[in-house]
Amino acid sequence: MKIFLLSTAITALTTAAFADYPERPIRLMVGFSAGGGTDTSARGFGSFTAEAPTMNGMPMVIVNQPGGSGLQAAQTVANADPDGYTLYIINNGTMSGASLSTPEAGFDPRESLVNLGCVTQLVTGLHIPAEHPAQSAAEWVESVRDNGEIVRWSTSGAATMHAVVGHLFMNANGIDHQVVPFRGGSNARNALVADDVTASFNGNQLISGFEEDIKVLGVPSLERDPANPDVPTFAEQGLEALNVTGPMCLYGPVGLPDEVVADVSAAVEAVTELEGFGRFMGRSGLAAMHLPPEEGTENLNRLMETFAPVIAEIAEAQQ
């Protein structure tokens, strides 16, 4: 009986401790420098968090901790006290690529972090020069096959989501190719504009302002990118459906109380439904989109399985 009473008392104290969560601003860690897609998504979300009913009027303060393709910030969050005041935001594709390509880091997001829901997504596109005669990805594939050329293509890093999509696409369509990785999507885009490469696999949000130089021929998702609805999927064009997108998700450390998980997950959904957040993301070339935690987790598991053999191939080629 004493044990039962003690357990009941502890439960009551724990519940009371988180009943008023949050009582102060929440740190939202970003594993990259300011200005990129992750940072933009974080600042957009963080600026509207206080409007969510479950956030007690508290904002999220963005903290940039670049390094390790986002893994340094991920480990900071994984090692933080599970009190809900240190969270993380990243797209699942980037986190999958980073963790798989650096096994020496010993970091598996599936074991160290808890998904709290997703607010937008990064979608890779096949980008080519605007003056190229091909009007579809299928036409472009046929043209490079006929030419028998080795396609040099740019991307935002050796093992990013965009790089993995590029390898998957080229291999699926039997195209001889050579990847030219850059540090960041902007540099990869600029290489295409300068005709230093034939094509690029990059985030579609980066074509904003470059529509006269670049056109997007297709995307690897099962459904069209809501931010670029005129761009067909590869599957719509008779090519292999790759089913790769990068939902931008919030994460917390393992051990978060159920009450905190519920409050943050509810805030994620509430913010994505705000018109102001939708307009903010639209100006950034992205679209507000909500995935609940279970779907975000399912997406991460699928990407880890899809990416593992490709990244192993990339690592072997670099040896």
### Message
Give me the extension gain from ARG283 to GLU223: residue separation times 0.36 nm, minus the current Cα-Cα distance, reported in nm with one decimal.
### Response
19.4 nm
### Query
With each pseudo-label sitting 7 Å past Cα toward Cβ, what's the ASN79-ASN187 distance in nm, one decimal?
2.7
### Query
How many nm is it between the label spots at GLU111 and SER33, if each spot is 7 Å from the Cα in line with the beta carbon?
3.3
### Anisotropy class of the stretch 8-158 from Cα gyration tensor, a/c 1.5 cut
prolate
### Query
What angle, in degrees between 0 and 90 and rounded to the nearest 10, separates the Cα long axis of helix 161-172 from the longest principal axis of the Cα atoms of the chain?
40
### Query
What angle do you read, to the nearest 10 degrees and between 0 and 90, between the alpha-carbon axis of helix 2-17 and the longest principal axis of the chain?
60
### Query
With point charges of +1 on the Cβ of Lys and Arg and -1 on the Cβ of Asp and Glu, referenced to the Cα centre of the chain, which listed residue (THR54, THR297, THR233) lies farthest in the positive direction of the dipole?
THR54
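Using the crude model of +1 on Lys and Arg Cβ and -1 on Asp and Glu Cβ, and no other charge, please compute the dipole size for the chain relative to its Cα centre, in debye to 20. All intermediate terms of the calculation are to be shown ahead of the outcome.
Numbers: 14 positive and 37 negative charges, 147 e Å.
Roughly 700 debye, rounded to the nearest 20.
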### Task
Work out the length of the dipole vector of the stretch 124-244 about its Cα centre, built from +1 on the beta-carbon of each Lys and Arg and -1 on the beta-carbon of each Asp and Glu, and round it to the nearest 20 debye.
440
### Message
I'm a student and want to see the number: the projected area of the Cα convex hull of the chain, averaged over all directions, in nm².
### Response
17.4
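Looking at the chain, send over the antiparallel percent of its DSSP beta bridges, to the nearest 5.
Numbers: 19 of 36 bridges.
Of the beta bridges lying entirely in the chain, close to 55 percent run antiparallel.
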### Message
Run the simple label-point estimate for GLU212 and GLU240 please: 7 Å along Cα→C-beta, distance reported in nm.
### Response
3.8
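Can you give me the relative contact order of the chain as a percent, contacts being Cα pairs under 8 Å and 6 or more apart? Don't skip to the end; give the middle numbers.
On the way: 641 pairs, mean separation 80.4, N = 319.
Computed over the chain, the figure is 25 percent.
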### Pairwise centroid distance, computed over Cα atoms, of the stretch 55-128 with the stretch 161-182, Å
25
### Message
Need one number: the % of Cα-Cα pairs in the stretch 124-244 sitting beyond the 18 Å mark.
### Response
44
### Query
If each Cα of the stretch 37-126 is one equal point scatterer, what is log10 of I(q)/I(0) from the Debye formula at q = 0.13, 0.16, 0.18, 0.23 Å⁻¹?
-0.47, -0.70, -0.88, -1.34
### Message
For Cα pairs less than 8 Å apart in space and 6+ apart in sequence, what is the mean separation divided by the residue count of the stretch 124-244, i.e. the relative contact order in percent?
### Response
35
### Task
Report, in debye and to the nearest 20, how large the dipole of the stretch 205-276 comes out about its Cα centre when Lys and Arg carry +1 and Asp and Glu carry -1 on their Cβ.
240
### Task
Of the options TRP140, PHE169, GLY184, report the single residue whose Cα projects farthest towards the positive end of the charge dipole of the stretch 120-191 (beta-carbon charges: Lys, Arg +1; Asp, Glu -1).
GLY184
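For the chain, which span is the longest to avoid every loop-located (per DSSP) member of GluC sites (Glu not before Pro) having at most 14 other Cβ atoms inside 10 Å?
Numbers: sites that count: GLU23, GLU131, GLU149, GLU211, GLU212, GLU223, GLU240, GLU273.
The longest uninterrupted stretch comes out as 24-130.
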### Query
Lys/Arg Cβ at +1, Asp/Glu Cβ at -1, dipole of the chain taken about the Cα centre: which of ASN202, MET281, SER33 is farthest positive-ward?
SER33
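Which trypsin sites (Lys or Arg not before Pro) does the stretch 173-246 hold that lie in a coil by DSSP with at most 10 other beta carbons within 10 Å? Can you show the working numbers first?
Numbers: sites: ARG183, ARG189, LYS215, ARG224; in loops: ARG183, ARG224.
Those that pass, being in a loop and sparsely packed, are ARG183.
Every number here is computed from the coordinates shown, using simple stated rules; none is lab data. Note that the coordinates shown come from a computational prediction; the quantities given were computed from them, not determined experimentally. All Cβ positions, glycine included, derive from the backbone under ideal geometry; neighbour counts span all protein chains shown.
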